[in-house]
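Student: Sharing a structure below in structure tokens format, with a few things to ask.
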Amino acid sequence: MPRGVAKGSILGSEEKQRKNVERKATFLSFFKGGGLEMIGGFVGFANLPNQVHRKSVKKGFEFTMMAVGESGLGKSTLINSLFLTNLYEEREIPEAAIKAKQTVSIEASTVEIEERGVKLRLTVVDTPGFGDAIDNKNAFDPIIEYIDNQFERYLHDESGLNRRHIVDNRVHCCFYFINPCGHGLRPIDIEFMKTLQTRVNLVPLIAKADMLTPKEIKKFKKRVLEELGKNQIHIYQLPDVEDDEDEEFKQQTQQLKSMIPFAVVGSTQLIEVKGKKVRGRLYPWGVVEVENPDHNDFTGLRTMLISHMQDLQEVTHDLHYEKYRASRLGDEPEAPMMAPMGTRPPPDAEKDRILHEKEMELQKMQKMIEQMQMQLTLQQKASASADKNSKSHKV
């Protein structure tokens, strides 16, 4: 032992060195154990998309679509064909005399669909009675009111205290069914789409396309697009493809854009064709296969809906909902015009009820905080008492 150096100080120095070595080893094992390399490797941010994916799959997805068009155009059949479900098992078709007098009603059906562990809460809003009456002057009002009421409901939930479990019932997509028996759009079609274009993503469909020849479909599509442009009607546009996307995706997007408006046929009936079961419609001259791209645009519509479902939701939130929200908050001069039926500021009684609910929520949260503080205080006291007892035993 060197002269002038105490034995205890040498032992203390060795103990410090040993602890430093252990600390460094623990630090390095943390990085290596977590799969994080220190030099020339990666930190681990590449795993973030997987975390988001797992969280999204666990939570599930929500999507709301609306089907608008006159009776007999195959709206229900197409929806059932798209999602391989039966949303309208008990529906009764009214007689012609009743149709002429009935007003437009709103029917929302929700179904939980699961595919390969991914859950989708699908809500389909049907509008029976649209375009069936003799006078269709007020046929749009219930539809506009429903869409705006869902915006209002989301705005109310978003402004509340408990925003963790907001259910999104906003209409993300509207299939508008065009009657193929004509030379293009009718006045009611133009007026409806003009009114709805600022509230929802419009996807025009040529219904019952098996009534037209391929040449007639091509001509009909061209006429519809010309009339949409002439009347300055903005329908849902597929987003542009980025330069770094693969060629297959670019071609698919270009092909989908060329199909608009989609000419579709729906059927849930299975028919045997050349020893194979297919969904289609049987005619004396042959079979129209629903999922055959040579027969109609059904597969293109389904591909567009599934591959751009997230974009439809984002456009709804960022464009249509934000416009409604701005008008409700008075940021735009058009706010009084934009305010629909049933979405005006609530009367005093309704305001009092909302304020009372907020107060109750605040009181509940305050009680929870007080209970947590009491539990924390008790734990601190118990810990202090335990430390005191352990010290007294040592003494």
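Student: Output the relative contact order of the range 164-231, whole-number percent, from Cα pairs under 8 angstrom with separation of 6+ residues. Provide the component values of the computation, followed by the final result.
Tutor: Values: 52 pairs, mean separation 28.6, N = 68.
RCO, the range 164-231: 42 percent.
Student: Right, next: Given a Förster radius of 22 Å and the C-beta distance between ARG54 and ASN162 as r, what FRET efficiency does 1/(1 + (r/R0)^6) yield to the nearest 0.05?
Tutor: According to the calculation, E is roughly 0.35.
Student: Which of the three applies to the range 107-168, rounded, prolate or oblate, going by the alpha-carbon gyration tensor with a ≥ b ≥ c and a/c under 1.5 meaning rounded?
Tutor: Working: a/c = 5.51, a/b = 1.43, b/c = 3.85.
It comes out oblate by the Cα gyration axes.
Student: A further question follows. Which value in nm describes the separation of the simple spin-label points at SER71 and ALA382, placed 7 Å from the Cα toward the beta carbon?
Tutor: For the pair SER71/ALA382, the computed spacing is 6.9 nm.
Student: Okay, next question. Give the shape of the range 136-190 as rounded, prolate or oblate, defined through the alpha-carbon gyration tensor: a ≥ b ≥ c are the square roots of its eigenvalues, a/c under 1.5 means rounded, and otherwise the shape is prolate if a/b is larger than b/c and oblate if not.
Tutor: Cα axes put the range 136-190 in the prolate bin.
Student: Take the Cβ-Cβ distance between GLN269 and ILE113 as r, set R0 to 22 Å, and report the resulting FRET efficiency rounded to the nearest 0.05. All intermediate terms of the calculation are to be shown ahead of the outcome.
Tutor: Values: r = 21 Å, r/R0 = 0.94.
The formula returns an efficiency of 0.60 here.
Student: By its C-alpha gyration tensor, with a ≥ b ≥ c as the square roots of the eigenvalues, how is the range 189-247 shaped: rounded for a/c under 1.5, else prolate for a/b larger than b/c, else oblate? Let's see the in-between values first.
Tutor: Details: a/c = 2.15, a/b = 1.15, b/c = 1.86.
Oblate, since a/c reaches 1.5 and b/c is not below a/b.
Student: Moving on to the next point. Give me the one-decimal nm value for the distance between modelled label points at ARG186 and THR213, 7 Å along each residue's Cα-to-Cβ direction.
Tutor: For ARG186 paired with THR213, the spin-label model returns 2.5 nm.
Student: Cα-Cα over 21 Å: which of LYS194/LYS323; LYS75/LYS221; LYS194/LYS221; LYS194/LYS222? Walk me through the intermediate numbers first.
Tutor: Working: LYS194/LYS323 16 Å; LYS75/LYS221 19 Å; LYS194/LYS221 18 Å; LYS194/LYS222 19 Å.
Over 21 Å apart, Cα to Cα: no pair at all.
Student: Using r as the Cβ-Cβ distance of ASP318 and SER258, and R0 as 25 Å, what FRET efficiency do you calculate, to the nearest 0.05?
Tutor: Working: r = 26 Å, r/R0 = 1.05.
With a Förster radius of 25 Å, E is 0.45.
Student: For the pair TRP285/GLN366, report the inter-label distance in nm, with labels modelled 7 Å from Cα in the Cβ direction.
Tutor: Taking the simple label geometry, TRP285 and GLN366 are separated by 7.7 nm.
Student: As an exercise, identify the trypsin sites (Lys or Arg not before Pro) in the range 143-202 lying in DSSP coil whose Cβ has no more than 12 other Cβ atoms within 10 Å.
Tutor: Working: sites: ARG153, ARG163, ARG164, ARG170, LYS194, ARG199; in loops: ARG163, ARG164, ARG170, ARG199.
In loop regions of the range 143-202 (DSSP not H, G, I, E or B), the sparsely surrounded trypsin sites (Lys or Arg not before Pro) are ARG163, ARG164.
Student: On full extension of the chain, what length is gained from HIS234 through GLU247, given 0.36 nm per residue of separation minus the C-alpha to C-alpha distance?
Tutor: Values: separation 13, 0.36 × 13 = 4.68 nm, distance 2.79 nm.
Full extension of this stretch gives 1.9 nm more.
Student: Would you list the P(r) distribution for the range 180-291, with all Cα-Cα distances sorted into 10 Å bins from 0 and each bin expressed as a whole %?
Tutor: 12, 33, 32, 20, 3
Any read-out appearing in this document is the output of simple, stated calculations on the displayed coordinates, not a laboratory observation. Predicted, not measured: the structure shown is a model, and the values here were computed from it. All Cβ positions, even for glycine, are placed from backbone atoms using ideal geometry, and neighbour counts span all protein chains on display.
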